[in-house]
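The values are calculated or read from the model by the stated rules, or taken from the named source; none is laboratory data. From a predicted model like this one, the values you see are computed outputs, not experimental measurements. Because the Cβ atoms are built from the backbone with ideal geometry, glycine has one as well, and the counts that use them run over all protein chains shown. In case anyone asks, the SASA skips ligands and DNA or RNA and just uses the protein heavy atoms, side chains included. Shrake-Rupley method; radii C 1.70, N 1.55, O 1.52, S 1.80 Å.
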Amino acid sequence: MQDDRPGRTDSSADPVRDGQVTAICQRHGNQPGELIEILHDVQTALGFVPDGVLPVIAQALNLSRAEVYGVRTFYHDFHAEPAGKHILQLCRAEACQAMGCERLAASLAKSLGIAFGETTEDGAITLRAVYCLGNCGLAPAAMLDGRLIGRADAQVIATALAAAKAGR
Amino acid sequence: MPNTVDIYVPCDAAALSVGANEVAEAIAREAAARDASVRIIRNGSRGMFWLEPLVEVATAKGRVAYGPVRPQDVAPMFDAWLGGTAHRLLLGPTDEIAYLKNQERLTFVRCGIIDPLSLEDYEAHGGLAGLRKAVATPLPQVVAEVLEAGLRGRGGAGFPAAIKWKTVAETEASQKYICCNADEGDSGTFADRMLMEGDPGSLIEGMAIAALATGATEGYVYIRSEYPQAIATMQAAIDLWEAAGLLGDNVAGSGKAFRLHVRRGAGAYICGEESSMLESLEGRRGVVRAKPPIPAISGLNGKPTVVNNVLTLASVPVIIAKGAAHYKAFGMGRSRGTQAFQLAGNVRQGGLVEKAFGVTLRELVETFGGGSATGRPIRAIQVGGPLGAYVPNSQLDLPMDYEAFAAAGAMVGHGGIVVFDDSVDMAQQARFAFEFCAIESCGKCTPCRIGAVRGKETVDKIIAGQDVAKNLALVADLCETMTDGSLCAMGGLTPMPVQSAIKHWPEDFRGRTPPRKGSETIQIPAAE
């Protein structure tokens, strides 16, 4: 019988992917203390942390699947679903609020035609909220594919997105 | 230009966020095109963010600054240099800029001056003096010196650092740890990031001294994943120190081992709480631990562990090198030394201001900050992060002192200062405080987990004008429960911004008021 509770599905068994994940765990000495680093590395390699790899990690680290599932779901960084080609994060914490980030958030969502947490239909851009990027002296702050953007406005972000899409 | 000229372009994340790399590339291109011999040095930031990218040129009379520089400014700047005229972006000698000149930099003394990845630079500017002295000093004397200096935790709580050290030093164990909390998640703070990117050596040196003093042999720097630049710089610096024999099996010839590792966070705000950070370092969900036992007795992996903030540890080398008396001479009352105040949000001159405790909020926001960025009147200032109070203009003359702020129902915390102009709606800010707590609560204790959700719902009712007086009383009651009954500061301090907003701006909590001009309803999604 198919066990389809979260974290327990392995219907999409993928030996190549699982081999990659096993290798990542080995690189971290199969140490349970390194679980967060392992999840980061898995996400970097696969783009997300699918349910299917949780049992692979659990076995390598000698943890229960519940423990691995619990860690993946606790931290905002880890995603069970693939993201778009580019990830745009907009800071919506206090210092950026003081510089009008909510207006910017609304205009970005409108121009991309998606809500925060969603990906554009063409799979190009995922829009996410983040709470502080440590650039509070140059608010509002955003991050595109890990690159910090200061004094963000609709124009600055549109330019950065166009450059990213063009592969620059 | 005669000979080789040193040009400094910061590689701090804030400077990069407004184009410092593009400026550095333009300088290299322009120099090559003109056959000018320049050496581009990537320093940290001086902490004057409104001037970033701030380019400095070494001259016979010291470094002179230009800023903010855009790539298209570079060619005209070369024209001016070669023609012997002053470019319009010339700010004069960097050290003479009032914002910098009027600071008292002890912890950030090298930040923005040195190449963060040059040990030679580090030592030439006073680095390693503390560690060398600590190696030659009886270890209890090192702890005593830090205690005597009155160094309190810079992460927000202000607990005397040396008390933790003393407990770890005196606890017998097969393994001890030094853990640096670099999970700087509070909005309005960037000092930890700036230091790790601009002068990582002072943090490493502080951790090495803490390790020698307590007998710890392993250390971790837990850095939030939102700081990729800081993570890369810290790792590179640790590698340099290891290669130079300053970390590893024999720290600076002491015969003692200390190995240091960088660990990434994963986007959980609560991991800035020390016990939650320890859980995360052990690879688990960042759920807060009940105390006792305190981490100094049973911390990482159940072993005695020093947990200190970045700036606490980075302040140690100067205390050891120059002595407790030198450090203690700065400050007021029981707040000794300096604090890295961070001007953020709606402020004209955002940046880092290291000053002795006792400086007033007005000096920081008006004299250094230059007032609001939008030019509108300032209405509220949140001090000490999302869990700190909103301070009204009537309290601008409060001195930055742990005790003075506590007496006023506020907190200095880590010195983060977020300025809001008169378009802010304080009921929305109170609502946000609860909502943020609801999203980021680890879920272990009920007052925080449930209280934050109910708090947000109740503020929504107040905003909608539903039974306003009754619901305000309910919020007051809920805040009391959260303050008294939460396990950690997340639930325990969320009431502080809420209650300060209600107390100082009651007009915003009368319900069904038309939104303030320029204000917006904040409907936030969870961080993803």
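Return the percentage of antiparallel bridges among DSSP beta bridges fully within chain B, rounded to the nearest 5 %.
That works out to approximately 55 percent antiparallel.
So for each of B:499-507, B:87-95, B:199-207 I average, over its residues, the number of other beta carbons within 10 Å; can you give me the resulting order with the highest mean first?
The densest-packed peptide leads the list: B:199-207, B:499-507, B:87-95.
Under the definition of partner shielding as Cβ atoms of other protein chains within 10 Å of a residue Cβ, what is the mean value for peptide B:267-276?
Working: counts 8, 5, 4, 1, 3, 0, 0, 0, 0, 0.
That average works out to 2.
Enter the buried accessible area of the B/A pair, total of both sides, probe 1.4 Å, in Å² rounded to the nearest 100. Don't skip to the answer; put the middle values down first.
Numbers: alone 20710 and 9640 Å², together 26050 Å².
Chain pair B/A: roughly 4300 Å² of buried accessible area.
Take the Cα radius of gyration of region B:240-286 and divide it by 2.2 N^0.38 Å, with N its residue count; two decimals is plenty.
1.55
What percentage of all Cα-Cα pairs in region B:51-175 are separated by more than 20 Å?
64 percent
If amide H atoms are built 1.01 Å from N in the plane of the peptide, which residues on other chains or at least 5 residues away come under 5 Å of the amide H of residue B:380?
For residue B:380, whose amide H was placed from the backbone, the distant partners under 5 Å are B:420.
Per residue of A:137-150, how many C-beta atoms from partner chains lie within 10 Å of its own C-beta, taken as a mean?
Values: counts 20, 12, 10, 1, 6, 1, 4, 0, 0, 4, 6, 10, 4, 10.
Mean number of neighbouring Cβ atoms from other chains: 6.
Based solely on C-alpha atoms, express the radius of gyration and the Dmax of chain A in angstrom.
Reported Rg and Dmax, both Å: 18.2, 56.
Using a Debye calculation, one point per C-alpha and no hydration shell, please list log10 I(q)/I(0) for region B:184-296 at q = 0.10, 0.13, 0.21, 0.23 Å⁻¹ in order.
Debye output, listed in q order: -0.31, -0.53, -1.20, -1.30.
With the Cα gyration tensor of region B:133-244 in hand, convert its eigenvalues to equivalent ellipsoid semi-axes via √(5λ) and list them largest first in whole Å.
Semi-axes (√(5λ), whole Å): 24, 17, 13.
Angle, helix A:35-46 long axis vs. longest principal axis of chain A, Cα atoms, 0 to 90°, nearest 10?
Rounded to the nearest ten degrees, it is 70.
Comparing the chain by itself with all protein chains present, which residues of region B:406-431 are at least 30 Å² less accessible (probe 1.4 Å)?
With the partner chains in place, region B:406-431 has these residues losing at least 30 Å²: B:420.
So which residues of region B:172-196 lose at least 30 Å² of accessible area, probe 1.4 Å, when you go from the chain by itself to every protein chain present?
By number: B:187.
Hey, what number do you get for chain B at 222 nm if only DSSP H runs of n ≥ 4 count, each worth -39500 (n - 2.57), divided across all residues, to the nearest 500?
It lands at -11000 deg cm²/dmol.
Diagonalise the Cα gyration tensor of region B:325-403 and give the resulting equivalent ellipsoid semi-axes, square root of 5 times each eigenvalue, largest first, whole Å.
23, 13, 10
Sort by residue number and name the cysteines in chain A that have no neighbouring cysteine Cβ under 4.7 Å.
Taking the Cβ cut-off of 4.7 Å, the unpaired cysteines of chain A are A:25, A:132, A:136.
Per the 1.4 Å probe, what fraction of the accessible area of region B:473-513, in percent, lies on carbon and sulfur atoms?
53 percent
In this model, which of B:101/B:503; B:164/B:456; B:61/B:355; A:110/B:355; B:61/B:322 are farther than 32 Å apart at the alpha-carbon? Spell out each step's value before the answer.
Details: B:101/B:503 37 Å; B:164/B:456 37 Å; B:61/B:355 26 Å; A:110/B:355 43 Å; B:61/B:322 28 Å.
Those over the limit are B:101/B:503; B:164/B:456; A:110/B:355.
How far is helix A:154-165 tilted, in degrees, relative to the longest principal axis of the Cα atoms in chain A, given as a value from 0 to 90 rounded to the nearest 10?
The two axes meet at around 40 degrees.
Give the Kirkwood hydrodynamic radius (Å, one decimal) of region A:120-168, defined as one over the mean of 1/r across all pairs of different Cα atoms.
Working: mean 1/r = 0.0862 Å⁻¹.
Evaluated on region A:120-168, it is 11.6 Å.
In whole angstrom, how far apart do the alpha carbon centroids of region B:426-495 and region B:1-35 sit?
Cα centroid to Cα centroid, the span is 49 Å.
Please express the Cα-Cα pair-distance distribution P(r) of the protein assembly as shown as a list of whole percents, one per 10 Å bin, running from 0 to the bin with the greatest distance.
For the protein assembly as shown, the pair-distance distribution reads 3, 15, 25, 27, 20, 8, 2, 0, 0.
I need the semi-axes of the equivalent ellipsoid of region B:415-516: take the C-alpha gyration tensor, multiply each eigenvalue by 5, square-root it, list largest first in whole angstrom. Walk me through the numbers on the way to the answer.
Numbers: eigenvalues 96, 52, 24 Å².
Three semi-axes, in Å: 22, 16, 11.
Using the heavy atoms of the protein chains and a 1.4 angstrom probe, tell me the accessible area per residue for the protein assembly as shown in square angstrom. Please list the in-between numbers first.
Working: 26050 Å² over 696 residues.
Here the residues of the protein assembly as shown average 37 Å² of exposed surface.
Under 1.5 on a/c is rounded, so check that first for region B:217-350, then, if it is not, pick prolate when a/b is larger than b/c and oblate when it is not; a ≥ b ≥ c are the square roots of the alpha carbon gyration tensor eigenvalues.
Rounded, since a/c falls under 1.5.
Compute the Cα gyration tensor for chain B, then decide on rounded, prolate or oblate, letting a ≥ b ≥ c be the square roots of its eigenvalues: rounded whenever a/c is under 1.5, prolate when a/b is larger than b/c in the other cases, and oblate in all that remain.
Values: a/c = 1.93, a/b = 1.18, b/c = 1.63.
Oblate is the answer for chain B, as a/c is 1.5 or above yet b/c matches or exceeds a/b.
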